[in-house]
Amino acid sequence: MSADTSAAIGPVEGGSHYDVENPAPYIEAPRKRTGKTPRATRGNFEMAAWLFMRLSGVVLVVLVLGHLLIQLFLDGGVSKIGFAFVAGRWASPFWQVWDLLMLWLAMLHGANGLRTVINDYAERANTRLWLKGLLYTATVFTILLGTLVIFTFDPNIR
Amino acid sequence: MATPVLDKVEAESAASPYITVTMRIRRFNPEVSDASVWEDFQIEIDPKERVLDALHKIKWDVDGTLTFRRSCAHGICGSDAMRINGKNRLACKTLIKDINPEKPITVEAIKGLTVLKDLVVDMEPFFQAYRDVMPFLVTKGNEPTRERLQSAEDRERFDDTTKCILCAACTSSCPVFWNDGQYFGPAAIVNAHRFIFDSRDEAGEQRLEILNDKDGVWRCRTTFNCTDACPRGIEVTKAIQEVKRALITRRF
C-alpha cells in the first residue's frame, strides 16, 4: 500500500523513511492549549496602541504637511534653512511645541508600526526579542536626544 | 440557409463538451514523506462542472488515495474550502470555466492549519477560536414561555454575519493568522459579531472583552483577504471594524 502510494506520488526529496507504523512527525497545531500557551491577557494595551495610531496619524498629517510647507516651499524654500532660521523659529514657544509634538508623535507612531511588523514577521521568539530591543533603544535614544536639543537649544552657541 | 449552419455548430458543441484539464494537486502523505509534492492529473471534464467534480473524477477513476473533505457538495456545509489557483474558495462553488482551464489548475490545502493528508487539514485550532467567543445565545432571568421577539431592524443589524458556514476560507487567508496562529481569526470574530449585535443576547460585554485580548481584533491589519475569500459574500473586514468600534465606544 505505502509502496503503491509512493510510486504514484513519485520520488520525494529526503527519501521515504516514513510508513504506516512510523508516519512523518505531527506538526503541533497553532492555538492548541498547551502548557506554553500564555494566559489570556485582558490588558487594553493593544487597543490603546491601535487608537494611538489613528489619532496620532490624524495629528501628524497636519504637523508634517505644515512642517514640509514651511521648510520647503514658503519664503524661498529649502535654500533659506540654516542655523539662523532654526534659531529664529525656536525662539517662539509655538514652534518649540510644534516640533516637540511632531518628534514624539512621529517617533512613537513609527515605532509602534514597526513593533506590529516585527510581531507579524519575526518567527522566532529570540529574533523578536532582539529586533524589538533594538527598536525600543533607537526610539528612546532619538526621542530623548531630540527633546534635549529642543529644550536646551542655545542660539548663541559658539 | 442559416438554420442548418446553426444546427451544425450546435451539433458539434453538443458532441463533446469535454475538455482536457490539468489538475495540479499538492499531495501530502505522512506515511510516505514529511514533504508535500505537486502531482498533475490530466482529466476530461465539462468546463461547466465544478472543481469538486474534477476531484471526484480523480478520486473515483484515477487515484483513490486522493483525500479531501466534502459533505453536502452544494456550498452549505463548508467542508471543502481549499486553495484553488492561489485563492481560497469552496471547490463545490467554483466552476472549471471560471478559473482558466487552459492552464493547470492548482489545488492545495488551506494555509495556516496543519495538513493531515492531501487537502485535509486539522480544523481544531479554528474551532477552538470559534468556541472561545461563546457562539451561543446568553441571557439572564427566566426563560420566556414563547419566542424571544425581535424587530426586523434589530435582526437586520447582524444579518450579514449569520451567513457564516465556518468553512475557514477567511481565517486561512489571513496573513496575521498565518504568522503564529494565535490570532482569533476573521471567522471567530464574525461569529462573535453575530451575537454581540443581537438585541436578544446579553453577553456582548463578555465577548467584547474576549476579543479585546492581545490576539483579538486589534491584530487585524484590514488587508481585506477575508472579505475576498468569503464564499458567502460576508463583509468580514467590515464586521471586524464594527467590533473594534464597539470596543471603543461601548455602544452595540
Would it be correct to say that A:ILE157 is assigned to a loop (DSSP other than H, G, I, E, B) and over 30 Å from B:CYS174 (Cβ atoms)?
yes
Given the criteria small (Gly, Ala, Ser) and either surrounded by fewer than 10 Cβ atoms within 10 Å (Cβ to Cβ) or within 14 Å of chain B (Cβ to nearest Cβ) (or both), does A:GLY77 qualify?
no
Subset of region B:146-187 [out of contact with any Pro (no Cβ under 8 Å at 6 or more places or on another chain), within 14 Å of another protein chain (Cβ to nearest Cβ) and either surrounded by fewer than 19 Cβ atoms within 10 Å (Cβ to Cβ) or small (Gly, Ala, Ser) (or both)]:
B:ALA168, B:SER172, B:PRO175, B:TRP178, B:ASN179, B:GLY185, B:ALA187
Looking at (1) within 21 Å of B:GLN241 (Cβ to Cβ); (2) among the hydrophobic types (A, V, I, L, M, F, W, C); (3) in a loop (DSSP other than H, G, I, E, B), which one does B:VAL138 not meet, given that it meets all the others?
(1)
Residue pairs meeting the criteria (Cβ under 9 Å; at least 6 apart or on separate chains; first without any contact (Cβ under 8 Å) to a residue 24 or more places away in the chain, in region B:228-252; second among the aromatic types (Phe, Trp, Tyr) and assigned to a helix (DSSP H, G or I))
B:ILE248/A:TRP50
A:THR127: assigned to a helix (DSSP H, G or I), surrounded by fewer than 12 Cβ atoms within 10 Å (Cβ to Cβ), free of Cβ contacts under 8 Å to residues at least 24 places away in the same chain and β-branched (Val, Ile, Thr), yes or no?
no
Counting only residues in region A:11-48 that are part of a helix (DSSP H, G or I) and more than 7 Å from chain B (Cβ to nearest Cβ), the one modelled with the lowest pLDDT is identified as A:PHE45
Just to be sure before I move on: is B:ARG155 more than 23 Å from B:THR94 (Cα to Cα), part of a helix (DSSP H, G or I) and charged (D, E, K, R) in the structure I sent?
yes
Quick check on my filter: what residues within region B:59-72 are closer than 20 Å to B:VAL115 by Cα and either β-branched (Val, Ile, Thr) or within 14 Å of another protein chain (Cβ to nearest Cβ) (or both)?
B:LYS59, B:ASP63, B:GLY64, B:THR65, B:LEU66, B:THR67
Counted residues, region B:190-206 - those being of a type outside the set (Gly, Ala, Ser), part of a helix (DSSP H, G or I) and either farther than 19 Å from B:ILE248 by Cβ or under 26 Å from the mean Cα position of the chain (by Cα) (or both)
6
Those residues of region A:96-113 that are more than 14 Å from chain B (Cβ to nearest Cβ) and under 26 Å from B:THR223 (Cα atoms) come to a total of 7
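The values are calculated or read from the model by the stated rules, or taken from the named source; none is laboratory data. Just so you know, these numbers come straight off a predicted model, no measurement behind them. Ideal geometry is used to build each Cβ from the backbone, glycine not excepted, and the neighbour counts take in all protein chains shown.
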